[in-house]
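Take a look at the structure below.
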Amino acid sequence: MSRPRFLADQDLNDHIFRGVLHREPTIEFVRVRDLGMEEWSDEEILSYADREEFVVVSHDANTMSAAAMARILAGESCAGVLIVRQKLLVGRIIEDLILIWAASELEELKGSVAFLPM
């Protein structure tokens, strides 16, 4: 069993990314742009995230969640996706992500698409 690792896609508010790492620096949280993947499709990001066991964190409730669901329904593995509603306060999302990291195992999030807040 292992704690979740997070991969922020291009759509995620950078304040959330930085806030999580500021509050809990031991969380492994990387951005697709830091990995040189900013031009990758949602499907390519999901495939990478699955191979490397990252849970994708995104604001993209349309295409990212649809790509993840298509992958799951096709019987492909998915390390998990957390969709962050854009209207929520940044502090609330930071707290939710830290709580998910602290209270969950990666295996619990595999094959799921969840919306924050849960």
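Taken together, the values in this text are just the output of simple stated rules run on the coordinates, not laboratory data. Quick caveat, the model's predicted, so the values are computed rather than measured.
Kirkwood-type hydrodynamic radius, the chain: 13.9 Å, calculated from all non-identical alpha-carbon pairs. When you restrict to C-alpha pairs under 8 Å that are six or more residues apart and normalise by the size of the chain, the relative contact order lands at 34 percent. When the helices of the chain are scored as -39500 (n - 2.57) per DSSP H run of n ≥ 4 and the total is divided over every residue, the value at 222 nm lands at -12500 deg cm²/dmol.
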